[in-house]
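Right, one structure below, let's go through it.
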Amino acid sequence: MDRSFKLDIQEFGTLANGQKVTQFRITNPNGLEMRLIDYGCLMTNLLVPDRSGKLVDVLLGFDRLEDYVKDSPYFGAVIGRYGNRIAGGQFSLDGTTYSLPQNDGPNTLHGGVKGFDKVMWQAAPITDSTAYGVAFSYESPDGEEGFPGTLTARVRITLNDQNEVTLDYTAVTDKPTVINLTQHNYYNLDGMGTCLDQVMTIYADQYTPVDSTLIPTGERAPVAQTPFDFRTGKPIGKDIGADNRQLAYGRGFDHNFVLNKQAPGLLSLAAEVYSTKTGITMDVLTEEPGIQFYSGNFLDGSLKGKGGLVCEHRGAFCLETQHFPDSPNHPEFPSTRLNPGDIYQTRTVYRFGRKD
Ligand code: GLA
């Protein structure tokens, strides 16, 4: 095997307005390959060796730019300004009420109608000695999708020689605002089929129960003795069909877990996933206080992904590291406020390995 990093840059497609979209293909010395595009700051492919050494693309996604633009359920994208939901499309800051597009029933989801997943980012390759990747940046104008302040966001996505994909987010604003950036990869550690046999561990003693529109009630409920107890690891599908009102609201798992932390902001192990079939393992480490575990409940088999693969119901899971949903309307949750002069800074790592 060629034991060096590689970075290859090629055209991925052209947007309706004529802008060219570029794809960056990064290979690490162990043969893992990550592909990123500057539209949506988006990861299209992540090829990881299984226990026999064969590469498995562990991400749902598309082959063509048009499909990402048309009707992607946020496949692989960076989500902003506010990942997850804001109740009723409204929040107040210093006495002013801000109205946002209501694109998920009565609520705002994933930054509104045209979130960070649907804009062009500036992109520059990173070629450090132990990690290759792309430095992305986007300046969101004051008032974009209803949010106050010009927000300059930067996301560095790198792959190192330890098989870690690291996302380093930073942002600054010129007016007080709210921010909650995340990344929306849809993982399937088998590369196909459903994700229901994959074994998930989430290091959370509590989760935030929701109402019927998936807005947290404000409560932090114990996971003990509920289907939400993933602390010792179990197949995603084991309790997904349990008779439980929270599961009915989410049509499965679509909930924020309150991560166990020694101290706020510490980079700590949040979740582990394992496929008995391929032997591929994924660990998620984050500085964020929460993680949204979404079991692909809205995938219904109507989308055709890479190579024509049908994106089947629960054909992938998402682990979106984040502040809690609707925090701007919940003063009891960790704050998502960003003030001018302060720097929003947060790191999440997805680390791959294999078990025999
Ligand atoms: C997040 C949400 C889900 C769903 C998906 C995209 O995970 O919590 O409810 O919107 O994004 O379909």
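Quick notes on this structure:
- The residues of segment 100-142 that are away from the ligand (no atom under 16 Å from the Cβ), over 23 Å from Thr14 (Cα atoms), open to solvent by 40 Å² or more (accessible area, probe 1.4 Å) and among the small types (Gly, Ala, Ser) amount to a single one, Ser129.
Residues checked against (1) away from the ligand (no atom under 16 Å from the Cβ); (2) part of a loop (DSSP other than H, G, I, E, B); (3) surrounded by 20 or more Cβ atoms within 10 Å (Cβ to Cβ); (4) among the hydroxyl-bearing types (Ser, Thr, Tyr):
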| position | (1), (2), (3), (4) |
| --- | --- |
| Thr232 | yes, yes, no, yes |
| Lys238 | yes, yes, no, no |
| His255 | no, no, yes, no |
| Asn260 | yes, yes, no, no |
| Leu266 | yes, yes, no, no |
| Ala271 | no, no, yes, no |
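- Positions within segment 196-230 being farther than 26 Å from Asn329 by Cα and either at pLDDT below 95 or out of contact with any strand residue (DSSP E or B) (no Cβ under 7 Å at 6 or more places or on another chain) (or both), in sequence order: Ala224, Gln225, Thr226, Pro227, Asp229
- Here Lys114 passes the criteria (1) farther than 21 Å from Ser327 by Cα; (2) in a loop (DSSP other than H, G, I, E, B) except the one numbered (1).
- Scanning segment 53-77 for residues that are part of a loop (DSSP other than H, G, I, E, B), in contact (Cβ under 8 Å) with a residue 60 or more places away in the chain, open to solvent by 10 Å² or more (accessible area, probe 1.4 Å) and more than 16 Å from the ligand (Cβ to nearest atom) returns a single hit, Asp63.
- Output for segment 78-99, where each listed residue is more than 16 Å from the ligand (Cβ to nearest atom) and of a type in the set (A, V, I, L, M): Leu93
- Leading residue by the ranking (nearest to Gly76 (Cα to Cα)) among those in segment 284-324 that are of a type in the set (Phe, Trp, Tyr) and open to solvent by 10 Å² or more (accessible area, probe 1.4 Å): Tyr294
- All conditions but one from (1) crowded, with 23+ Cβ neighbours inside 10 Å; (2) free of Cβ contacts under 8 Å to residues at least 24 places away in the same chain apply to Ala171; the one that does not is (2).
The values are calculated or read from the model by the stated rules, or taken from the named source; none is laboratory data. As the structure is a computational prediction, the values presented were derived from the model and not from experiment. Positions of Cβ are generated from backbone atoms using ideal geometry, with glycine treated the same way; all protein chains shown enter the neighbour counts. Note: areas computed on protein heavy atoms with side chains; ligands, DNA, RNA excluded. Shrake-Rupley method; radii C 1.70, N 1.55, O 1.52, S 1.80 Å.
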